[in-house]
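Colleague: Starting off with a structure, shown below.
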Amino acid sequence: MDTNWYVLYTFPRAEKKVKTRLDELKVENYLPLHRSPSVWSDRVKMVDKPLFNSYVFIRCKEYELRSLLQVYGVARIIYYTGKPAIIRQKEIDAIRLFLEEAAEHPLCEGEEVEILNGALKNISGKVHKVKKNYLLLFIEQLGVSVAVNLSSVARVNRIK
C-alpha cells in the first residue's frame, strides 16, 4: 500500500506544536510557513506563521491516519467525499515552490508598504530605495521621504 499526503486539522494556533509531536513520532509531515511581521504595542517582529491556519500535511498510509488522532493538538482528519482527502505530490511541490519564490522576492522600488509602528503607524508610502536594514519611503499624503526600518513595514496588497 502506497503512502499519500493527507491533511490534519489542528486546534487553533497549535500547528507548530503538532508538527513537533509528529516529528518525534517520525511521521513525515509538512507545515508551510511564511515570514510575516507581528505587531506589538512596543515593537514589530518577523515571525514564521502557518500559510494555512490549523492545517498540517502528513504523508502516511491510510490505515495509519486514525492513530494520529491521538496526537495532542490534532482535532480531526480532513475528509473529501467521505474519504480522507488526498493531496497530490505536485500540489505539495507547488506550495513549496510558491514559498521559496515569495521568500526570495524582496521589497522593490515603487512598491507600496504600510508602516506598522511608531509615529507614522498605519501610513503607507512608496518604496524609493532599499538598503540593508532600512528603506527610504515617499509618503505622498505628507509630501516627505522618510527612512524606515525594514522590519517595521509590510507590503500593502492591493486588489485591482
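The values are calculated or read from the model by the stated rules, or taken from the named source; none is laboratory data. What you are looking at is a predicted structure, and each value in this text was computed from that prediction instead of being measured. Neighbour counts run over all protein chains shown; Cβ positions are idealised from the backbone, glycine included. Side chains included, ligands, DNA and RNA excluded: accessible areas come from the protein's heavy atoms. Shrake-Rupley method; radii C 1.70, N 1.55, O 1.52, S 1.80 Å.
Colleague: With respect to the cross-link table entries 19/131; 16/132; 16/129; 19/61; 19/126; 19/83, which display a Cα-Cα separation exceeding 28 Å?
Modeller: 19/131; 16/132; 16/129; 19/126
Colleague: Looking at 154, 134, 10, which one has the Cα that reaches farthest to the positive end of the dipole of the chain (charges on Cβ: Lys, Arg +1; Asp, Glu -1)?
Modeller: 10
Colleague: Here's something else I'd like to know. Per residue, how much accessible surface does the range 13-160 expose to a 1.4 Å probe? Answer in Å², no decimals.
Modeller: Heavy-atom SASA per residue in the range 13-160 reads 69 Å².
Colleague: Additional query: Over the range 35-160, what percent of the accessible surface lies on carbon and sulfur atoms, probe 1.4 Å?
Modeller: On the range 35-160, the fraction of accessible area on carbon and sulfur atoms equals 52 percent.
Colleague: Compute the acute angle (0 to 90°) between the alpha-carbon long axis of helix 15-24 and the principal axis of greatest extent of the alpha-carbon atoms of the chain; round to the nearest 10°.
Modeller: Orientation of helix 15-24: about 50 degrees from the principal axis.
Colleague: Let me ask you something else. As a check on your grasp of the helix formula, calculate [θ] at 222 nm for the chain: sum -39500 (n - 2.57) over DSSP H runs of n ≥ 4, divide by the residue count, round to the nearest 500.
Modeller: The helix contribution divided over the chain gives -5000 deg cm²/dmol.
Colleague: Something else about it: Dipole magnitude of the chain about its Cα centre, charges +1 at Lys/Arg Cβ and -1 at Asp/Glu Cβ only, in debye to the nearest 20?
Modeller: 320
Colleague: I need the phi-derived Karplus couplings for the range 82-98: 6.51 cos²θ - 1.76 cosθ + 1.60, θ = phi - 60°, integer Hz, Gly and Pro marked x.
Modeller: Karplus values, whole Hz, x for Gly and Pro: x, 10, x, 5, 9, 9, 6, 4, 5, 6, 5, 4, 5, 5, 4, 4, 4.
Colleague: Note down the relative contact order for the range 1-143 as a percent, whole number, built from C-alpha pairs under 8 angstrom at least six residues apart.
Modeller: Worked out over the range 1-143, it gives 25 percent.
Colleague: Give the long-range amide H neighbours of residue 123: residues separated by 5 or more places, or on another chain, with amide H under 5 Å away, using H modelled in the peptide plane at 1.01 Å from N.
Modeller: Excluding prolines and chain starts, which carry no amide H, the hits are 115.
Colleague: In addition: Determine, at each q value in 0.13, 0.15, 0.19, 0.27 (inverse angstroms), the log₁₀ of I(q)/I(0) that the Debye formula gives when each Cα of the range 19-80 is one equal point scatterer.
Modeller: Reported log10 I(q)/I(0), two decimals: -0.46, -0.57, -0.78, -1.23.
Colleague: Write down Rg/Rh for the chain, rounded to two decimals, with Rg from the C-alpha atoms and Rh from the Kirkwood relation over Cα pairs.
Modeller: Reported Rg/Rh, Kirkwood definition of Rh: 1.11.
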